[in-house]
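What follows is a single structure, written as structure tokens, with notes after it.
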Amino acid sequence: MPADKQAPDPIEQNRARWDEVVDIHVKSDFYRVAEFKRGETSLDPLVLSEIGDVAGLKLLHLQCHFGLDTLSLARLGARATGLDFSSKAIAAARHLADETGVEARFVEGRVEQAPEIAGTDFDMIFTSWGVLVWLPDITAWAQTIARCLKPGGRFYIAEGHPIIWTLEDTKERYLDNLHVVRSYFLEGPQHWDDPRDYADPSVSLSHHVSNEWQHTLGEVVTALAQAGLRIDFLHEHDRLVWPGIPGMERTGPDFFEAPKGAPRLPVAYSISARKV
Ligand SMILES: C[S@@+](CC[C@H](N)C(=O)[O-])C[C@H]1O[C@@H](n2cnc3c(N)ncnc32)[C@H](O)[C@@H]1O
């Protein structure tokens, strides 16, 4: 087949979309960059209550986007490196570090390249909110984490619960007319064609196609365990940093939750593990 007729590489399509949204996100209210510049942390209270003390730790932040959380971890004393495959995100992260005077290293690459481009002697790996759907191979992801950590090193993730991807609601009221519209057990990639952006609904993206891979909670935990990590906790949560189920209500600067008194589903989870 001639090269121009080949199906586009799904990861490259995702990268083009992520490149396009960087400037939009930096300017958006969603990411609250002005507050960060004034000294506020971008880390939400759930993550802050679970990550433990990071001061002095050599820390790798996977899929760091434009570096807000990496720099917030650096402000807590971590010796932080952020990795992302978007060159635009890495450039914006370096710019933000310069502007705020917060010290951190930023490297460009795919997650599976982390051992080669970031290193293999980290005390801690951190990743959060909206990261795993972009990765085709969760086993390779867990093995990458194990390779990058020192023995005894810690891994932490906070992520949307995969159950939310199965649900859709044709009404905007919480749990009103809720349907299971997708299997929990899906082979990826699922192709989406949507020019809207979650941080700024007013924009229409020219890179409107994205490709996502579903990973069940069992697959994530099993991949980590089989890569040689011992799970310290797996917590499920009823709040999430985006409205994962239609009708979830904003309950503060960071979270969306079910309306008061309504039945609650697990919409997020977090895992802490240690390389044995
Ligand atoms: C939702 S964002 C990061 C989450 C972070 N909580 C945030 O909102 O800033 C997902 C990030 O993953 C990055 N990404 C997606 N696929 C990747 C891959 N295969 N390797 C490295 N980075 C990737 C994107 O560029 C994007 O910055």
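Some observations on this one:
- Close pairs (9 angstrom Cβ cut-off, 6 or more residues apart or separate chains): on the phi < 0 side of the Ramachandran plot in the stretch 199-221, surrounded by fewer than 14 Cβ atoms within 10 Å (Cβ to Cβ) and small (Gly, Ala, Ser) anywhere: Gln214/Ser183
- Of the residues Asp53, Asp23, the single one that is more than 9 Å from the ligand (Cβ to nearest atom), in a helix (DSSP H, G or I) and charged (D, E, K, R) is Asp23.
- Any hit, the stretch 106-116, residues being in a loop (DSSP other than H, G, I, E, B), over 26 Å from Leu240 (Cα atoms) and free of Cβ contacts under 8 Å to residues at least 60 places away in the same chain: yes
- Residue within the stretch 170-193 that is within 15 Å of the ligand (Cβ to nearest atom), in a loop (DSSP other than H, G, I, E, B), in contact with a Leu (Cβ under 7 Å, 6 or more places away or on another chain) and not hydroxyl-bearing (Ser, Thr, Tyr) present: no
- Screening Ala78 with (1) more than 12 Å from the ligand (Cβ to nearest atom); (2) of a type in the set (Gly, Ala, Ser); (3) within 27 Å of Arg17 (Cβ to Cβ) gives one miss only, at (3).
- Scanning the stretch 84-105 for residues that are within 9 Å of the ligand (Cβ to nearest atom) and either among the charged types (D, E, K, R) or not in a helix (DSSP H, G or I) (or both) gives Asp84, Phe85, Ser86, Lys88.
- Of all residues in the stretch 226-276, those satisfying the criterion of being more than 16 Å from the ligand (Cβ to nearest atom), farther than 30 Å from Asp123 by Cα and assigned to a strand (DSSP E or B) are Glu249, Arg250, Glu257.
Bear in mind these aren't lab numbers, they're just calculated from the coordinates by the rules spelled out. All values reported here derive from a predicted model rather than from experimental measurement. Neighbour counts run over all protein chains shown; Cβ positions are idealised from the backbone, glycine included.
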